[in-house]
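Chemist: Dropping the structure in here first, questions after.
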Amino acid sequence: MKISKIEFTGYHGTNADNEKDITQKSFLKSSSREDWFGKGCYFFTDGISSSSPQDLAEQWAIDVAWDKTIKAYKYDKYVVFHTLIECERDFVLDLTVKEGLSLFNIFREAVLNKIRMVNKKLAKGDYADSDIFDEMKQSLNINVIIGNVFIKFADVRRIPSIRSNLPNVTMFCVNNTNHDYIDTIKHEVIQKGEIQI
Amino acid sequence: MNYQAILSRINQYIENVDANQLIQSLEKKGYEFEDLFVGGLNIDRYVIFHPVDIVGTNGKYTAIINNERASYSCSFFFCHK
């Protein structure tokens, strides 16, 4: 049987200090529970934004350089990687279409019902989407999640009259290995820049 | 995306996953759980198959079952083991 694969093109902006490690190894998975689709590595891709995914990756690299605690940039040089990922269709969750969102809701309800069946409920707090996504990756072998999310870039934060949480970018999250680094077909630096302080 | 393939794996998950293991894995992520019932009552097995939450005490209990709120007496939906 022929295996049906999908190729994803993405852009990832980061501290220039990471260039060597990423080039030699690959992208390190994030482990923050604040991330949209759980653990993995995130890439901007073509979708709903009016900006190009490469521009978004550049803006991201600049925005996350700012440390609001010390009110200074953590780094002043950044790079943008262009990346190709391949994944079998069966292991892609596409949240840009209603079927994908429906699968997420079905799975979340299944998780909550499992918990209710043993007479348990959360003592405090809420279930984070990112943890449900991590459970999907682990239990259903989902390797790539693509979806539209809202990111409040610094240029929007500077405009006090805008209050929105509607999705403004399309991203995909890759978690296709059992170790810390993801697998790519290729990845290369296509842009280098310096933050104007 | 292959909707049917993922749906099929979700159905397998529903069949096979052990709820206690699921709770343990969520506890490792920092979640804390408590018993669903309050007031020292045990929930009858009949109710266990429904999403149920109890939001009152005092002899009469308001249960939310499948998102519908209704009041029940203790003897109707709950039993003491």
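Chemist: Would you confirm, using the coordinates I've provided, whether A:Lys120 is open to solvent by 30 Å² or more (accessible area, probe 1.4 Å), at pLDDT below 95, of a type outside the set (A, V, I, L, M, F, W, C) and touching a strand residue (DSSP E or B) at 6+ places or on another chain (Cβ under 9 Å)?
Modeler: Here the answer is yes, as A:Lys120 does meet what is asked.
Chemist: Moving on. Of all residues in region B:1-31, which are closer than 24 Å to A:Phe172 by Cα and not in a helix (DSSP H, G or I)?
Modeler: Once the filter is applied, which keeps residues that are closer than 24 Å to A:Phe172 by Cα and not in a helix (DSSP H, G or I), region B:1-31 yields B:Met1, B:Asn2, B:Lys29.
Chemist: Quick one: which of A:Leu95, A:Leu122 is closer than 29 Å to B:Ile14 by Cβ, within 13 Å of another protein chain (Cβ to nearest Cβ) and within 15 Å of the chain's Cα centre (by Cα)?
Modeler: None of the others qualify; the one that does is A:Leu95.
Chemist: What's the number of the only condition in (1) at pLDDT below 95; (2) open to solvent by 20 Å² or more (accessible area, probe 1.4 Å) that A:Leu101 fails to meet?
Modeler: That leaves (1) as the condition not met.
Chemist: Still on this model: Within the set of pairs 6+ apart or on separate chains, which have a first residue in region A:111-136 that is closer than 26 Å to A:Asn175 by Cα, a second that is surrounded by fewer than 15 Cβ atoms within 10 Å (Cβ to Cβ), and C-beta atoms under 6 Å apart?
Modeler: That search, which allows pairs on different chains as well, returns A:Ala128/A:Arg33; A:Ser130/A:Arg33; A:Asp131/B:Lys29.
Chemist: On to the next question. Every residue in region A:18-29 that is in contact (Cβ under 8 Å) with a residue 60 or more places away in the chain and open to solvent by 20 Å² or more (accessible area, probe 1.4 Å), please.
Modeler: A:Asn18, A:Glu19, A:Thr23, A:Lys25, A:Leu28, A:Lys29
Chemist: Let me ask you something else. From the list A:Ile85, A:Ile62, A:Ile70, A:Ile115, which one is modelled with pLDDT under 90 and more than 10 Å from every other protein chain (Cβ to nearest Cβ)?
Modeler: Among A:Ile85, A:Ile62, A:Ile70, A:Ile115, only A:Ile70 is modelled with pLDDT under 90 and more than 10 Å from every other protein chain (Cβ to nearest Cβ).
Chemist: Can you name every residue in region A:30-58 that is in a loop (DSSP other than H, G, I, E, B) and open to solvent by 40 Å² or more (accessible area, probe 1.4 Å)?
Modeler: A:Ser31, A:Ser32, A:Arg33, A:Glu34, A:Trp36, A:Lys39, A:Asp46, A:Gly47, A:Ile48, A:Ser50, A:Ser51, A:Ser52
Chemist: So, in region A:125-148, of the ones that are open to solvent by 30 Å² or more (accessible area, probe 1.4 Å) and farther than 14 Å from B:Leu26 by Cβ, which residue ends up nearest to the other protein chains (Cβ to nearest Cβ)?
Modeler: In this case the residue turns out to be A:Asn141.
Chemist: Whether any residue in region A:87-95 is under 17 Å from A:Met171 (Cβ atoms), without any contact (Cβ under 8 Å) to a residue 12 or more places away in the chain and either surrounded by fewer than 15 Cβ atoms within 10 Å (Cβ to Cβ) or of a type outside the set (A, V, I, L, M, F, W, C) (or both) is what I want to check.
Modeler: No, there is no match, as no residue in region A:87-95 is under 17 Å from A:Met171 (Cβ atoms), without any contact (Cβ under 8 Å) to a residue 12 or more places away in the chain and either surrounded by fewer than 15 Cβ atoms within 10 Å (Cβ to Cβ) or of a type outside the set (A, V, I, L, M, F, W, C) (or both).
The values are calculated or read from the model by the stated rules, or taken from the named source; none is laboratory data. Predicted model only: the values in this text are computed from it and were never measured. We place every Cβ from the backbone using ideal geometry, glycine too, and count neighbours over all the protein chains shown. Each accessible area value is taken on the protein alone, full model and side chains, heavy atoms only, with ligands, DNA and RNA left out. Shrake-Rupley method; radii C 1.70, N 1.55, O 1.52, S 1.80 Å.
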